[in-house]
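Let me begin by presenting the structure, written as structure tokens, before commenting on it.
All of the numbers you see were taken from the coordinates with simple rules; none came from a lab. These figures come from a predicted structure and were not determined experimentally. We place every Cβ from the backbone using ideal geometry, glycine too, and count neighbours over all the protein chains shown.
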Amino acid sequence: MKVIITKICSNLGKLISSILHRKFEVAGFDTRAGTELPADVKVFAMDIRRKKTRDIFRKLNGDAVIHIPDNSDVSLEVFSALLQLISDYHIQRLILVSNASVYGARPDNPQFITEDHPILGGSRLSSSRNLVEIDMLAQASFLNNPSCNLTILRPVNIVGYINSPIMNFFKMKKPYTALGFDPMFQLTHARDLAEAISVSLESNAKGIFNIAGNGQIPLSKILKNLGIKSVPIPSPLISTASKTMEFLGTRNSFPLPVDFLMYNCMVDTSKAKQILNFEPRFNISECIETVREIILWNYR
Amino acid sequence: MEKSEIKGNEKNVTSGGSLLDEWLSTNEPILPEPILKFAKRALAPDFDRRIELIMKRYHSDEFDPFGFDFNFAVYVVLIAGLVYRYYFRVKTIGIEKLPQGPFILVANHSGQIPIDGAMIATGLMLDSEEPRLLRSMVEKWAATLPFINTFFSRCGQIVGKPENINLLLSRGEAVLVFPEGSKGIVKPFSRAYILQEFGMGFMRVALTHHCPVVPVAVIGAEEQYPSLANLERIAQALRMPGLPLPIQSLIPFAFFLPLPTKYRIYFGEPMTFKGNPDDDDGIIEEKVRVVRRTIQTMIQKGLEERKHIFW
């Protein structure tokens, strides 16, 4: 099987390709040049929206595409272009690495959100809006192109050597928390996510699957275990400051939206366990241990 | 950085000695030792045994999915127990009828703040033959309140969603629901002990899990905060489910303390219902009406038996 990975030079892309290249023929696209990738992985440093990509897609004659969307302004445009390529070159399989943040953290969320829960993450948070739109576009495209086997993975709080909101939050010297709130958290190890992608490719199962490591724990206990002292701030202040930064176009100093520091956004992973036969290797204590190692060696 | 272990409600349960004493000696005490000793003695002669049973039942290597934290809840039980025994002097009637496995307690809601839920839960902990941790369903509004939401979840209370009740019942737990919702708790004193409309969610869940429904009538809670009115418009503006105006708010130095009414909690016979949980509302409503009528009858009986509000 020939697998094409987008954003292959991201840390998550590298991790996925390092697992998949042993089983499949792997190629990837990224706007950056790739380093630390396995030698047998072909990397094309170009934007998917460029016309030249069509020639490469035709030559690659891929069987599956793994798309790792980012939260940039052009991510929706990039994904639309990718869907067009998938349709034009009759690619049979698309795995979209979405995120559990698309469900949104809300006071009326069930404790464990199932895959059929509405994705409301964009209604309050502009930061999740692109991801929500990509997720919805993927589902709509399945109706237009039913020959393509679509799998959407929605991992929750990915930790590891990657750039994710939760990792950026833990890397802060003094992370902020919402005063008077202590939501429950699940964590997903990046290796488990990469493994889930590999399992999805092999199983050929289609549909939406939540991914998370086993176990859950309040945020305060995670921070305590990491030896991090947080700064509790009233939630309206975090929200206002974050929105002001967004409006001014400056770098947002609040990597994790305030809603996720107030309300639970935990997922039910039983569907992935049953259908994909996916069992995470890292439980919450091991995920915390990974975070501890990363922040200890690199940032403190 | 030292490697620390994740501590939750996963306290090791070993034989020998009092588990509670062992636990108290290994955890940072929130309350001073003399107060703890006094509280334990004052609540129940077999208080340690009861807590041990709860600890064994909820022993797990994982933190409770709903955020229940024994380290925190044990102190809440001690304080709530003192209020239960000596402030409201709660009398439970029929608590021996509670079934062993999972069940749904359905109670009337009153008293402006959910003290009635706390007293029922404490009753199950202190006065039931087999002590049980009761999971109460709370309004989603409570989840938006700083500190309150954390307090509720650490005590094992849960936002009232059918998915959450389903999960709890499948784990064999006991669940408390107030189908009147906020309409019941904020009603003015003129409508005391008159049940409001019931929601139907609990019946669908009971039918799904084939679990018994236990009707509960709480007498005494209506008078703790006699409410003159419900300031609905202000409540709507503040996005609150209701804003009652209790008499205490008009009396200087009353400090919003509830009146020390005597609580009587009546537990009815467990009721089992058969049918399709996905039936039309009309069919489900008939079953809900049976529960509502039973609770209303129990309330009337309780009011007739009561000689005085305060004793």
Specify the residue with the greatest mean-square fluctuation among B:I284, B:I35, B:I158, computed from a Gaussian network of chain B linking alpha-carbon atoms under 10 Å apart. B:I35
Amide H of A:A178 versus every other amide H placed in the peptide plane: which residues, excluding those fewer than 5 positions away on the same chain, fall under 5 Å? A:I233
The exposure ranking of B:T208, A:T151, A:T240, fewest beta-carbon neighbours within 10 Å first, is A:T240, B:T208, A:T151
Go through region B:175-182 residue by residue and turn each phi into a ³J(HN,Hα) via Karplus (6.51, -1.76, 1.60, θ = phi - 60°); whole Hz please, and just put x for glycine and proline. 10, 10, 10, 10, x, 6, x, 5
For each of A:T269, A:T250, count neighbouring Cβ atoms within 10 Å of the residue's Cβ, then give the residues from fewest to most. A:T250, A:T269
For the pair B:R57/A:A45, report the inter-label distance in nm, with labels modelled 7 Å from Cα in the Cβ direction. 6.4 nm
Folded to 0 to 90 degrees: helix A:75-88 orientation relative to chain A principal axis, Cα: 30 degrees
What list of ³J(HN,Hα) values in whole Hz, one per residue of region A:108-115 in order, does the Karplus curve 6.51 cos²θ - 1.76 cosθ + 1.60 (θ = phi - 60°) give from phi, with Gly and Pro shown as x? 9, 5, x, 4, 10, 7, 8, 5
With +1 on the Cβ of every Lys and Arg and -1 on the Cβ of every Asp and Glu, the dipole magnitude of chain A about its Cα centre, in debye rounded to the nearest 20, is 660 debye
Would you compute, from DSSP H runs of 4+ residues alone, the mean residue ellipticity of the protein assembly as shown at 222 nm, taking -39500 (n - 2.57) per run and dividing by the full residue count, rounded to the nearest 500? -11500 deg cm²/dmol
Are there GluC sites (Glu not before Pro) in region B:145-189 that DSSP puts in a loop and that have at most 16 other Cβ atoms within 10 Å, and which ones? none
What whole-number distance in Å separates the alpha-carbon centres of region A:137-173 and region A:30-90? 16 Å
Relative contact order of chain A: what whole-number percent is it, with Cα pairs under 8 angstrom and at least 6 residues apart? 19 percent
Within 10 Å of each Cβ in A:273-280, the average number of Cβ atoms from other chains: 0
Using only Cα atoms, locate the centre of region A:197-268 and the centre of region B:49-72, then give the distance between them in Å, rounded to an integer. 26 Å
Taking Cα atoms only, helix A:235-248 is inclined relative to the longest principal axis of chain A by an angle, in degrees rounded to 10, of 50 degrees
Let me know the mean shielding of B:139-148 by other chains, meaning the per-residue number of their Cβ atoms within 10 Å of its Cβ. 4
Mind checking the mean number of beta-carbon atoms from other chains within 10 Å of the Cβ atoms in A:106-116? 5
Show me the three semi-axes of the equivalent ellipsoid for region A:220-264, from the C-alpha gyration tensor (sqrt of 5 times each eigenvalue), largest first, rounded to whole Å. 23, 12, 9
Connecting C-alpha atoms closer than 10 Å in a GNM of chain B, tell me which of B:S182, B:S227, B:S249 has the biggest fluctuation. B:S249
Excluding B:P226 itself, calculate the net charge of residues whose Cβ lies under 12 Å from the Cβ of B:P226, where each Lys or Arg counts +1 and each Asp or Glu counts -1. 0
Could you go through region B:93-106 in sequence order and give the Karplus-derived ³J(HN,Hα) for each residue, using 6.51 cos²θ - 1.76 cosθ + 1.60 with θ = phi - 60°, rounded to whole Hz, and x for Gly and Pro? 10, x, 5, 5, 7, 5, x, 7, x, x, 7, 10, 8, 10
Would you pull out the residues with amide H under 5 Å of A:I66's amide H, same chain only if 5 or more places away, H placed 1.01 Å from N? A:I4, A:I5, A:T6, A:I95
What is the Cα centroid distance between region B:91-115 and region B:204-257, reported in whole angstrom? 16 Å
Evaluate the relative contact order of chain B (contact order divided by residue number), counting alpha-carbon pairs under 8 angstrom at least 6 apart; express in whole percent. 20 percent
Between 0 and 90 degrees, rounded to the nearest ten: what's the tilt of helix A:190-203 against the longest Cα principal axis of chain A? 40 degrees
Just add up the charged neighbours of B:M203: K/R +1, D/E -1, any other residue whose Cβ is under 9 Å from the Cβ of B:M203. +1
